[in-house]
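Please read the structure below before turning to the comments.
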Amino acid sequence: CYDPLDPNGNIAFTFDILDWVPNGYVARVTIQNYYQYRQVGKPGWKIGWSWTNKEFIQSISGAFATVQGDCTSFKYQKPHSCVPNPVIADLMPDASPENMPENCCRGGLLSAWAINPSNSFSSFEMTTGNVNDNSTIHAPVNLTLLAPGPGYTCGPVLEAPPTVSSDNGGRRIVQVYRTWKSTCTYSRFLANKTPGCCVSLSTFYNPNITSCPECSCGCRDADKDTISCVWEGDSPSMNENGMDIIRCTNHMCPVRVHWHVKNNYKDYWRVKLTISNYNFKRNYSDWNVLVQHPGFRQNSTTYSFNSTILPTFGFADEVALFWGLQYYNTELLQANEEQPGSVTTDILLKKDPDTFTLSNGWALPRRIYFSGEECAMPLPETFPMLPNGSFREQLSYHFLIQILTYFFLQNIA
């Protein structure tokens, strides 16, 4: 589950006991997304665990258990959930105020840590019953996380130092009675996902365009005349009914990322980055694109997206994260019959004279991720390369021709 592009990324689970009640306790559960570029999108997270001592959830605010279970043994105050392995989902932002504790109710959505830390966590509170002795309470076990699909592995829930916070304007430090913690990490291999995006490439110095690899996200229908195709991949683009309708292409991906090397100036070079949505049934809200490229070691300017450089471990190439501007292009709109939806920006990168080159595909990205999922890349042998001879050699050749022509004309005169 280790990701060298995000070595410290994980989703942390904190279980704080705030207060004791007769035969139970009040707990606050917090889910914190520490992934730099992987967000939790629609339809949102679900967490589950198993009780070890026949506990039940008496009441809950800021979230809900998806199954109530058999509570017939309770004659008066029926608990919220009596199942031994509850699954909890988040409330929507429009929940009633009396059921909204602090930092709750985001519809299960958690922003990536590098993009919006204030929306990267969510909390809910619950009262747990059937606890006879406060000194012998047991942490839940077998923690599971769907965010929203599979692929997450969670460690054991272990006791940790009690969570502390400030009170009275920061002049007083208070702590909870007890804290349990666990972390969950993501693996694409465990998720066994079909790629949900692909990459195409082009340059100003080569007329050939490198398209997305054929069948990157599946193969198109036999009928080549159809405009729309059913896509049955299991990426975050999947809608609630399990199938998406996308524009029929040779790559069959809901999303395509295109990298175009646009201009080569004296001190800078310019790239155009375009993200296209081929999905007829879904807009991508709060999207992001991660690009691994050695050119980001130098200063860069992005014109129509937000951007930042992320720390990595074990890679010589830098990694840049791009996302939309608020109230402008944070939503990648769905396709229509005429064209896909798209967002685009120009990126101006400063040259490093010691490393800059356009030969051998150096100006093209090594990896690209869309909303946390790795995109299918073309093979290096298909990259658009420089024509025979470098630009420096071509310029020297043309300069020599001009000098010889000048002296020739002088001799004639």
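The values are calculated or read from the model by the stated rules, or taken from the named source; none is laboratory data. Here the structure is a predicted model, which means the values were calculated and not measured. In this analysis, Cβ positions are derived from the backbone assuming ideal geometry, glycine residues included, and neighbour counts consider all displayed protein chains. What goes into the accessible areas is simple: the full protein's heavy atoms, side chains included, and nothing from ligands, DNA or RNA. Shrake-Rupley method; radii C 1.70, N 1.55, O 1.52, S 1.80 Å.
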*of a type in the set (D, E) and in contact (Cβ under 8 Å) with a residue 60 or more places away in the chain - does that describe any residue in region 14-21?*
yes
_region 340-368 - residue that is open to solvent by 20 Å² or more (accessible area, probe 1.4 Å) and under 25 Å from the mean Cα position of the chain (by Cα) and, of those, nearest to Y278 (Cα to Cα)_ = P340
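Just need a number here: residues in region 62-77 that are open to solvent by 30 Å² or more (accessible area, probe 1.4 Å) and either within 17 Å of V21 (Cβ to Cβ) or in contact with an Asp or Glu (Cβ under 6 Å, 6 or more places away or on another chain) (or both).
Quick first cut of region 62-77, residues open to solvent by 30 Å² or more (accessible area, probe 1.4 Å) only: 64, 66-70, 72-77.
Filter once more, so that each one left must be either within 17 Å of V21 (Cβ to Cβ) or in contact with an Asp or Glu (Cβ under 6 Å, 6 or more places away or on another chain) (or both): 74, 76-77.
Residues meeting the conditions: 3.
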_Members of region 1-55 found to be open to solvent by 40 Å² or more (accessible area, probe 1.4 Å), assigned to a strand (DSSP E or B) and touching a Leu at 6+ places or on another chain (Cβ under 9 Å), listed by number_ = R28, K46
*Are there any pairs with C-beta distances below 7 angstrom linking a residue in region 251-263 that is buried (at least 24 other Cβ atoms within 10 Å of the Cβ) to a residue that is basic (K, R), with the two at least 6 apart or on different chains, and if so which?*
M252/R220
*So how many residues does region 369-401 have that are modelled with pLDDT of 90 or more and either more than 18 Å from V291 (Cβ to Cβ) or open to solvent by 70 Å² or more (accessible area, probe 1.4 Å) (or both)?*
4
_Please pick out the residue among A320, A363, A335 that is touching a residue at least 24 places away in the same chain (Cβ under 8 Å), of a type in the set (A, V, I, L, M, F, W, C) and part of a strand (DSSP E or B)._
A320
_Matching residues in region 38-55 - criterion: being more than 16 Å from G151 (Cα to Cα) and modelled with pLDDT under 95_ = T52, N53, K54, E55
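Working only within region 309-339, note down all residues that are aliphatic (A, V, I, L, M), more than 20 Å from the chain's Cα centre (by Cα) and open to solvent by 60 Å² or more (accessible area, probe 1.4 Å).
The first filter runs over region 309-339 and keeps only residues aliphatic (A, V, I, L, M), leaving 309-310, 316, 319-321, 325, 332-333, 335.
This time we only want the ones that are more than 20 Å from the chain's Cα centre (by Cα), so: 316, 335.
Listed by number, the list holds a single entry, A316.
Can you pull out the residues in region 86-95 that are open to solvent by 90 Å² or more (accessible area, probe 1.4 Å) and either within 17 Å of L145 (Cα to Cα) or more than 29 Å from the chain's Cα centre (by Cα) (or both)? Give the derivation first.
Step one: of region 86-95, the residues open to solvent by 90 Å² or more (accessible area, probe 1.4 Å) are 92, 94.
Matches in region 86-95: none.
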*Residue count, region 239-260 (criterion: in contact with an Asp or Glu (Cβ under 8 Å, 6 or more places away or on another chain) and at pLDDT below 75)*: 2
*Taking P236 as meeting all but one of (1) within 27 Å of L146 (Cβ to Cβ); (2) modelled with pLDDT of 95 or more; (3) not hydrophobic (A, V, I, L, M, F, W, C), write down the number of the exception.*
(2)
*Quickly run through region 108-122 and pick out the residues that are open to solvent by 10 Å² or more (accessible area, probe 1.4 Å) and either part of a loop (DSSP other than H, G, I, E, B) or touching a Lys or Arg at 6+ places or on another chain (Cβ under 6 Å) (or both).*
L109, S111, W113, A114, I115, N116
